[in-house]
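Data first, discussion second: the structure below is written as structure tokens.
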Amino acid sequence: MTICTGTGMIGLEEAVQVQLAIVLMLASVLALVGLAFWLLRGYAAERRLQAWMGQPWRVAPIQVVRLASGRRLVLIRHRDMEHLLLIGGPADLVVESRAMQAGEYDVANGDSN
């Protein structure tokens, strides 16, 4: 059986071989694109980690309490402020924000100032 193309006639076996070659080329291009994205994602994460090395975390979770309704109370510290957040429901809520005093117990580091 022969297939008529714009440039001439080829056999069925050659047509299958051409289609298989096209599929293999497309698969290899997609694999290379996926590999490039995977490598760039790892490189970007490593660069962010290197940028943060040596610098203290700006936001530190202090304590988390799970509530019966599936929500959580989260106490976080950002610089010299503590924030109590209610998260996990239809809307997140800041329950309380207060400044840390110099003599308060440091829960994150386990010592007192």
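Where a number appears in this text, it was derived from the coordinates with a stated rule and is not lab data. Every value quoted in this text rests on a predicted model; they were computed, and no experiment measured them. Note that each Cβ is placed from the backbone with ideal geometry, even for glycine, and that neighbours are counted across all protein chains shown.
At 0.36 nm per residue, minus the direct Cα-Cα distance, what do ALA15 and ARG98 gain on full extension? Give it in nm, one decimal, please.
This chain segment gains 22.5 nm when fully extended.
Given R₀ = 41 Å, FRET efficiency for ALA68-VAL29 by Cβ-Cβ distance, to 0.05?
Once the sixth-power term is evaluated, E becomes 0.20.
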